[in-house]
Each structure stands twice: as C-alpha cells, then as structure tokens.
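First up is the structure itself, then whatever we jot down about it.
The values are calculated or read from the model by the stated rules, or taken from the named source; none is laboratory data. Bear in mind that the values here come from a model prediction, so they are computed numbers and not experimental data. Because the Cβ atoms are built from the backbone with ideal geometry, glycine has one as well, and the counts that use them run over all protein chains shown. To get the accessible areas, we keep the full protein, side chains included, count just its heavy atoms, and leave off ligands, DNA and RNA. Shrake-Rupley method; radii C 1.70, N 1.55, O 1.52, S 1.80 Å.
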Amino acid sequence: MTTTDTVRKADAGSVRAVPRKRSRGSATGGLRRAIAPTTLLWVLAGLYGIPVLWFVLSSFKPAGDLFSLPLTVFPDDPTVSGYKEAWASANFSGYFINTIIVCVIATILTVGVSCCTGYALAKYDNRWLKAFFLCILATTMLPAEVMLAPLFLVVRDLGFYNSLSGIILPALLTATGCFMFRQFFLTVPDELIEAARIDGAKELSIFLRIMVPLSRPIMLTLAILSFQWRWNDYIWPLLMLNDPEKFTVQIGIQSLVGAQNINWSVLLGGSVISMIPLIVVFLVFQKYVMNADINAGLKD
C-alpha cells in the first residue's frame, strides 16, 4: 500500500465522520408549515375549552350572580355553597357507590366479552361468524330509542327490573367494542399464532397468553369509553330504576331540578362533582391508550 492510498483513505474517513448539517431553509419551511395546523388546533381547543371553563367557574358563583348583568366569566365572590348544598340535598354518596358498581362491573364484562368476540371474528374463518358480525354492526344503524322498548321488556321478563343488574347486563356486548378488537386482531400477523400452534400451544393458551397482552392498549381504550358511557347513562337507568336507594349519579342530578324553579348554583355544583371520577380515570390511564407494539415477539 502506497503513501498516497493511505492519505486518500484517511481523507475519506474524515469526510464520512463529518455530520451533515441540516439546512436552515428546510427547518424554516417546516416551522412555517406547522403554524397553520397548530393555530387551528388552538382555536378548536378554545372553542371546546371556553364553555367548560365557564361551566366550572360558574359553579363557584352565588345563585344570584349567575345571570346578573353584565355577565362575567370569573366569580366576583367565589363560594362553594352550591357544592355543599348539592351534596347535602341529595344522597350523592349512595349515588356514587351505585354508579361505581355499575361502571366497574359493566366495564370489566364489556371488555372481556368484546375481546373474545373480536378475536373470534378476526382469526376464525366461518360464514356464520361473518353473518354474526354483520348483525352486530347493524345494531349501530338503529337509534337507541328504537331498542329501548323491546330491551326493557326482555330485561323485565328476566326479573332484573329495578336492580343494578338490569343496567349492567344490556351493556355486555357493544358493537363499538367488537369492532375495535376485530380491527386490532386483524393487524396481528397470523404467523405469530401459527408459531404458537407449532410449539404446541392450545387455542385458549394462545388467546390468554399472546392475544390478550398484545391487546392491552385496546382494552384500556375501551375500558375508558365504557366507563364513560355507563357513568353518563341517563335514559336506561331512568327506565329501569324506581327505588331512590338504587339511583345512579345522573338520576340523582336530575332530582336536584325542582318542579317550579331551578337552583343553578346547586345544579352546576352537582354536575361538577359528577365529572370528577371521569377526569381521574382519564388522567390515570391516558398514557396507556393506543400505545401498542403488535410486532413484539416476532423476529425478522
């Protein structure tokens, strides 16, 4: 090897070692392109956030200041009397316990049933399963009010009228949950299941040890949605329950509305109290939502 070749190789190595600098024009262009969507997102956040902010701040106003002119966003004399009166005038502790029982049990059963159904619809080829999936999707095309009467008759004839079970059981199978799990399991490679079968794994073992852990982000997403649905449900518990001791939170808030007049301070305070569990659930589980790695366990 000559001295000239050695110098050339050293020069080539030094050239490769020099990092490429990002052009200032490309960085400026990317910043300009991000201004418009960022501004739009802030505008949408303001449109959604300002009414919620007004709603929460108004709950701290005395009843006489809510509609006095000029209207203000921030309370001049903040008070928590609306919260105290709402909690004292209604059995909120009992309403919370009933609602938590309904939400927790219904959410666990909904996630479990939807996960099993979605896996069967995605990974088993059967014409009856396809027909069953179409029937499930068809339920989303009907207004909920259309199904209230027949659903009420079925639940009543089963002996679940005026019980928390009558609220829980109709929520077991949801079209949204089945669709979410089916679409997720379709993205899981079939090679992963075939490899487990070759290793001698049974179908139940494949589902519990492989598919369920992979679908954890979908499970948490559906759990948050199901908890929210059951917590905010009003029409169905109103039809099923006539015992005040079994009322849920939303029916309890409705009981704060008087026949002749409405104490808005108390009503707003009770509404804010009912929002707290949903906010806590979302803040706790938001980092797990849609954070999936479906290729875990696969090798190239």
(request) Kindly provide the chymotrypsin sites (Phe, Trp or Tyr not before Pro) of the stretch 185-242 that DSSP labels as loop, not H, G, I, E or B, and whose Cβ sees at most 14 other Cβ atoms within 10 Å. (result) Tyr234
(message) At 1.4 Å probe size, what's the solvent-accessible area of Tyr119? Round to the nearest 10 Å².
(response) 10
(message) Not counting ligands, DNA or RNA, and with a 1.4 Å probe, what is Val80's accessible surface area in Å² rounded to the nearest 10?
(response) 70
(request) With a point put 7 Å past each Cα toward its Cβ, work out how far Lys202 is from Leu173 in nm, to one decimal. (result) 2.5
(message) Defining a contact as two alpha carbons under 8 Å apart and six or more residues distant in sequence, what relative contact order in percent does the stretch 82-291 show?
(response) 39
(message) Let me check something: with ligands and nucleic acids excluded, how do Asp77, Asp199 order by accessible area (1.4 Å probe), largest to smallest?
(response) Asp199, Asp77
(message) Could you put Met240, Met141, Met147, Met219 in order of accessible surface area, largest first, with the 1.4 Å probe and the full protein assembly present?
(response) Met141, Met147, Met219, Met240
